[in-house]
Amino acid sequence: MRLPEKIVMASGNAGKLREIERLLEHLDVAVVPQSDFGVSDADETGVTFEENALIKARHAAAATGLPAIADDSGLVVDALDGRPGVYSARYSGPAATDDSNIDKLLDELDGAEDRSAAFRCVACYVASAGSEPVFGKGEWCGEILTERRGDGGFGYDPVFLDPATGLASAELSAEDKNARSHRGQALRALVEALGRD
Ligand code: IMP
């Protein structure tokens, strides 16, 4: 295993941080959010999940001098030609909240027959700002519900149906969500890739 003792986590999203800390807790690594070092969010100027994950990881590593992990993720909806995609967090505008994003999504899909969608996640590790990145990816396929269900998770979880369990992502326990989710898959793939080096 090539992981160091301490890694900075390049995210200010509390929901994501909770999940990522849990996903990495079996490793002997301290995962410290970048906010603990006073590092603000990077500008996500990329047009792919890979580009944005790399931008965020390099930004956190450059600001702290520590190895960094970042995740970039979003919801890809077939009937919307892949939107909101990399713009999932800002879908309903610059002052977007989870609630306003869900409202916009339900409006846009009003009456749609095809409600298939997928959460995608790319996790990225850099040992330093200038070093070669290591990536792990995950995809969780499901459907967009017509109304909210459950109160767990964050983001679009209340309207994302996991077909295997028949539950909304917000109805899954944190453990069950991590076992199935795009983020769980991506972090497991990343840890495996790092272990192989
Ligand atoms: P990012 O910080 O640019 O990666 O934004 C990801 C956005 O995608 C989040 O703010 C959510 O809106 C959405 N998203 C990503 N992963 C999840 C998830 O696991 N559940 C619900 N929404 C998610």
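Going by accessible surface with a 1.4 Å probe and the largest first, Y87, Y125 read Y87, Y125. Taking all protein chains together and a 1.4 Å probe, the residues C121, C141 rank C141, C121 from largest to smallest accessible area.
So what is the 222 nm mean residue ellipticity for the chain from helices alone, if each DSSP H run of at least 4 adds -39500 (n - 2.57) and you divide by all residues, rounding to the nearest 500 deg cm²/dmol? Roughly -9500 deg cm²/dmol at 222 nm, from the helical runs in the chain. Here the accessible area of the stretch 28-181 is 48 percent carbon and sulfur, with a 1.4 angstrom probe and all protein chains present. Relative to the dominant Cα principal axis of the chain, helix 98-108 is inclined by about 40°. Each of A118, L27, L172 was scored by the projection of its Cα onto the charge dipole of the chain, and the greatest displacement toward the positive side belongs to L27; charges sit on the C-beta of Lys, Arg, Asp and Glu. Counting only residues at least eight positions apart within a chain, or on another chain, the lysines with an alpha carbon under 18 Å from that of K177 are K16, K137.
Would you mind putting 25-38, 157-170 in packing order, based on average other-beta-carbon counts within 10 Å, highest first?
Packing proxy ranking, top to bottom: 157-170, 25-38.
For the chain, the convex hull drawn through the C-alpha positions has a volume of 111 cubic angstrom per residue. Its Cα centre serving as origin, the chain has a Cβ charge dipole (Lys and Arg +1, Asp and Glu -1) of approximately 600 debye. Of the residues A95, L145, V39, the one whose Cα sits farthest towards the positive end of the charge dipole of the chain is V39 (charges of +1 on Lys and Arg Cβ, -1 on Asp and Glu Cβ, taken about the Cα centre). Note that the stretch 68-135 presents 45 Å² accessible area per residue, ligands and nucleic acids not counted, probe 1.4 Å.
The values are calculated or read from the model by the stated rules, or taken from the named source; none is laboratory data. Just so you know, these numbers come straight off a predicted model, no measurement behind them. Heads up, the Cβs are rebuilt from the backbone with ideal geometry, glycines too, and the neighbour counts pull from every protein chain shown. Ligands, DNA and RNA are stripped out before the accessible areas are found, and what is left, the full protein with its side chains, is counted by its heavy atoms. Shrake-Rupley method; radii C 1.70, N 1.55, O 1.52, S 1.80 Å.
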